[in-house]
Amino acid sequence: MSAEALIEIRHVSHTFDTASGPLQVLNDLSLDVPEGGFVAVVGPSGCGKSTLTRLISGLMRPQFGEVLIAGERVKGPRSSVGMAFQNPVLLEWRSILKNVMLPLEIVRSGLSRKEQEERARFLLSLVGLEGFEDKRPSELSGGMRQRASLCRALVHKPDVLILDEPFGALDAFTREDLWQTMHKVKAEEPFTAVLITHDLRESIFLADRVVVLSGRPAHAQYVLDVPREGPRTLDNLYTPRAAEMLAILRHQIEIAQGRAPAEEASARPAPSPPAPAPGERATPETQA
Amino acid sequence: MTARRIAVPVLAVIVFLALWELLVWANGWPTYKMAAPSDLGPAFAKYFDLFLIYGWQTLWRTVAGLALAVVFGVAVGMVMGFSRTMRDALYPLLVGFNAVPKATVVPIVALMFVGWHDFNTVLIAFMISFFPIAVSVSIGLSTLEPEYRDILRSLGASQSTIFWKIALPKTLPEFFGALKVAVTLAFIGTNLMEIVSPHGRGLGALFDSGKTNSDYPLMFAVLIALAVLGIVLYYMVVILEKTFAGWAERPAG
Ligand SMILES: Nc1ncnc2c1ncn2[C@@H]1O[C@H](COP(=O)(O)OP(=O)(O)OP(=O)(O)O)[C@@H](O)[C@H]1O
Ligand SMILES: [Mg+2]
């Protein structure tokens, strides 16, 4: 696998100096993301997932170990990365189109002004925002803003797309909509993705590999490969196969949290039964 | 719609003047107790040239002081907004400086730079008005959500690119909020100095000469002229705000 890996994270450990003393966040974390792959990372809150994204994007350097992209050690920010966060962070004083084009003002793309605009318009129509190009972010719904944020992350054709809980603040239906949009975008754009999420259904729906991080300090505790023909339609999320995968992941999360299953069991829906009643929709976990 | 937006405030002013006239007339107050609006017309007419010349002086000194306050305040705000250490170092100094009542500083500056009418007036207008600007810019910059920086930083953008493209425009609404406070303060500063400074100029000096000559209608006329100038200055800032930070205004309803 490592031969074709685009992102390689090798024995990374990181400790923050905080007011209350050193805080070790990552401990000997290793994982690979194959080129063109889609890896979801799940783990307990505060275990270091966002820190991991900052290491991959070069916003931070690990104290120990190394991060390689295309065989090259990441030493600082690189323009071949696109990022989207839970907060869409659109600029209120720019139109949606101008927001999407922002990275092209920084990265040398070799595109003419007209081509840049065409590229932005293409992405916006791909995510279903055609006709909203001239609107201000405040005129859009939360889901639409998140779509625009996704376009901005992709406009400069990054090889690596980093998504840190981009759908975390959306309601369940909007979120499912965006999952499907994500598949559509992935079919058109050749990026390699790392998705941080708290939603296990989201992880198996979008990713072809799910990595469960342990509690802090985090290491890769469990890796689940989602078969190609995995739950790529919403209906498939309710098959016995999907339920099985979700049950495994949920169990791994419980181990990562190190909690007695009896205590907080009511806080999460119980693992879906193998054959759910027709029309049943499990509530996705919405932990901030 | 626009007709209404002009008519309503104009009507309000007329009602206000009428009530004022009525109050003075009903109480039979002499002009030295309180001049009525009808006494003001002759005062304006008599000193019309002086009003124009002095009004202009007050105006440009206020604007000059304010412009200095903007330049200096934004610079200090930037330093404090970007560096924690500088913020910790400068904050107590600024607060202490701002806490000193400017009425006590005015006579000191007046003596220090006696005869330099323009200079000492602009200086006071500046000193009294830069504080809210510095604080608002520093708060605006330091509370910028880290994701905004990260979006550009992850692409390799420099600090100054991040400042011009994101931090500065994002701070503009707070900046204009502070500028509205600052413009009023600068105006007060200018007038304080003009009144206190011996042989001063500007509307403040005109007020002072009204006082010396017991020309009470003149004093009241100056007050009205000051109010008008104050309104003009304030709405100049409002227009600037609409132009540069109009996006921050949420569509109503
Ligand atoms: N720059 C920093 N300085 C000090 N501590 C930090 C810093 N960044 C993160 N931390 C701490 O490191 C831990 C991991 O943070 P991180 O944001 O990576 O977690 P996370 O897994 O993304 O959490 P969440 O699921 O809540 O998003 C947290 O306890 C956080 O408080
Ligand atoms: Mg996080």
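Quick rundown of the values:
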{"quantity": "Flag if A:Arg94 is closer than 25 Å to B:Leu168 by Cα and open to solvent by 60 Å² or more (accessible area, probe 1.4 Å)", "calculated": "no"}
{"quantity": "A:Leu246 being surrounded by 17 or more Cβ atoms within 10 Å (Cβ to Cβ) and in contact with a strand residue (DSSP E or B) (Cβ under 6 Å, 6 or more places away or on another chain)", "calculated": "no"}
{"quantity": "Options A:Val89, A:Val67, A:Val81: the member that is within 16 Å of ligand 2 (Cβ to nearest atom) and touching a residue at least 60 places away in the same chain (Cβ under 8 Å)", "calculated": "A:Val89"}
{"quantity": "Test: residue in region B:238-246 that is among the polar types (S, T, N, Q), closer than 21 Å to B:Pro42 by Cβ and in a helix (DSSP H, G or I)", "calculated": "no"}
{"quantity": "Unmet criterion (only one of (1) within 13 Å of another protein chain (Cβ to nearest Cβ); (2) within 16 Å of ligand 2 (Cβ to nearest atom)) for A:Leu102", "calculated": "(2)"}
{"quantity": "Test: residue in region A:138-152 that is more than 16 Å from ligand 2 (Cβ to nearest atom), open to solvent by less than 10 Å² (accessible area, probe 1.4 Å) and touching a Lys or Arg at 6+ places or on another chain (Cβ under 7 Å)", "calculated": "no"}
{"quantity": "Count of residues meeting criterion [over 13 Å from B:Phe126 (Cβ atoms), away from every other protein chain (no Cβ under 14 Å) and open to solvent by less than 40 Å² (accessible area, probe 1.4 Å)] in region B:172-190", "calculated": "3"}
{"quantity": "So B:Leu50, is it within 30 Å of B:Ile133 (Cα to Cα) and either open to solvent by less than 80 Å² (accessible area, probe 1.4 Å) or acidic (Asp, Glu) (or both)", "calculated": "no"}
{"quantity": "Residue in region B:222-235 that is open to solvent by less than 40 Å² (accessible area, probe 1.4 Å), away from chain A (no Cβ under 14 Å) and β-branched (Val, Ile, Thr) present", "calculated": "yes"}
{"quantity": "Residue that is nearest to the other protein chains (Cβ to nearest Cβ) [pool: residues in region A:72-85 that are among the charged types (D, E, K, R) and touching a Gly at 6+ places or on another chain (Cβ under 9 Å)]", "calculated": "A:Arg78"}
{"quantity": "When residues of region A:179-229 are limited to those that are more than 16 Å from ligand 2 (Cβ to nearest atom) and of a type in the set (Gly, Ala, Ser), the one most open to solvent (accessible area, probe 1.4 Å)", "calculated": "A:Ala187"}
{"quantity": "Residues (surrounded by fewer than 20 Cβ atoms within 10 Å (Cβ to Cβ) and away from ligand 1 (no atom under 16 Å from the Cβ)) located in region A:79-91", "calculated": "A:Ser79, A:Ser80, A:Leu91"}
{"quantity": "Tally of residues being touching a residue at least 60 places away in the same chain (Cβ under 8 Å) and charged (D, E, K, R) across region B:47-100", "calculated": "1"}
{"quantity": "Test: residue in region A:116-132 that is within 14 Å of chain B (Cβ to nearest Cβ) and not in a strand (DSSP E or B)", "calculated": "no"}
{"quantity": "Lone qualifier among A:Gly46, A:Gly21, A:Gly36 - being more than 15 Å from ligand 2 (Cβ to nearest atom) and touching a residue at least 12 places away in the same chain (Cβ under 8 Å)", "calculated": "A:Gly36"}
{"quantity": "Subset of region A:13-71 (residues that are touching a helix residue (DSSP H, G or I) at 6+ places or on another chain (Cβ under 7 Å), away from every other protein chain (no Cβ under 14 Å) and either away from ligand 1 (no atom under 12 Å from the Cβ) or open to solvent by 20 Å² or more (accessible area, probe 1.4 Å) (or both))", "calculated": "A:Asp32, A:Pro34, A:Glu35, A:Phe38, A:Ala40, A:Pro62"}
{"quantity": "Tally of residues being of a type in the set (Phe, Trp, Tyr), open to solvent by less than 70 Å² (accessible area, probe 1.4 Å) and over 21 Å from B:Asn213 (Cβ atoms) across region B:1-47", "calculated": "1"}
{"quantity": "Meets criteria (on the phi > 0 side of the Ramachandran plot and open to solvent by 20 Å² or more (accessible area, probe 1.4 Å)) for B:Gly115", "calculated": "yes"}
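Yes or no, residue by residue, for (1) part of a helix (DSSP H, G or I); (2) under 30 Å from B:Leu168 (Cα atoms); (3) basic (Lys, Arg):
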site	(1), (2), (3)
B:Val8	yes, no, no
B:Trp20	yes, no, no
B:Ala35	no, no, no
B:Ile53	yes, no, no
B:Gln57	yes, no, no
B:Thr62	yes, yes, no
B:Val79	yes, yes, no
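This table checks each residue for (1) modelled with pLDDT under 95; (2) in a helix (DSSP H, G or I).
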site	(1), (2)
A:Trp93	yes, no
A:Val100	no, yes
A:Gly110	yes, no
A:Arg152	no, yes
A:Leu161	no, no
A:Gln180	yes, yes
A:His183	yes, yes
A:Ala187	yes, yes
A:Val194	no, no
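The values are calculated or read from the model by the stated rules, or taken from the named source; none is laboratory data. Predicted model, so just to flag it, every value in this text is computed and none were measured. Glycine gets a Cβ as well: all are built from the backbone with ideal geometry, and neighbour counts include every protein chain shown. The accessibility values were calculated without ligands, DNA or RNA, using every heavy atom of the protein model including side chains. Shrake-Rupley method; radii C 1.70, N 1.55, O 1.52, S 1.80 Å.
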